[in-house]
1. Given an 8 Å cut-off on Cα distances and at least 6 residues of separation, report the relative contact order of the chain as a percent.
2. Bins of 5 Å, beginning at zero and ending with the bin holding the largest distance: percent of Cα pairs per bin for the stretch 16-71, please.
3. Which translational diffusion coefficient, to the nearest whole µm²/s, is obtained for the chain from the Stokes-Einstein equation, given a Kirkwood hydrodynamic radius over C-alpha pairs, 20 °C and 1.002 mPa s?
4. Let's test the formula: R0 of 30 Å, r as the Cβ-Cβ distance of D32 and A110. What FRET efficiency results, to the nearest 0.05?
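A short reminder: the numbers here are calculations on the coordinates, not readings from a lab. Nothing here was measured: the structure is a model prediction, and the numbers come from that model. Cβ: placed from backbone, ideal geometry, glycine included. Neighbour counts: every protein chain shown.
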Amino acid sequence: MIEFKNDKARETYQNVDDRLKCAVYECSKWCDKRKLPFVITRCIDEMIPGVSKTNIHADGRAIDISVIHWTTDDIDDFVYDMNELFSDSIGAYSLTDKKPRFVVYHNAGAGWHMHLQVRK
Ligand SMILES: [Zn+2]
């Protein structure tokens, strides 16, 4: 089940890229099978000065997911499985290695989370 951390996440989710919404639905079903919470914390948002490296959130092509109550195995499996499913077809191209990548587990300054992203 898709949940939202707050009203801003819920409201801005309506306008994210349709390819991203389809993939997010599959991600949420993966989490349902494991009985993991699937909480969207951020969708369309301004760039954060000094933290954001791209405008991908402002563009509606990325969302963030909380990993609260997930185990290390859950995190590793999610990154592996969802990248296998979606990176080649819709994943955004990494700034560092130029490879397409749908899921990035990272801490860009606001805590560790899953960043899901699609290309232009
Ligand atoms: Zn993000």
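1. Over the chain, the number comes to 24 percent.
2. 4, 18, 24, 21, 16, 12, 4, 0
3. Answer, rounded: 150 µm²/s.
4. After rounding to 0.05, the efficiency reads 0.70.
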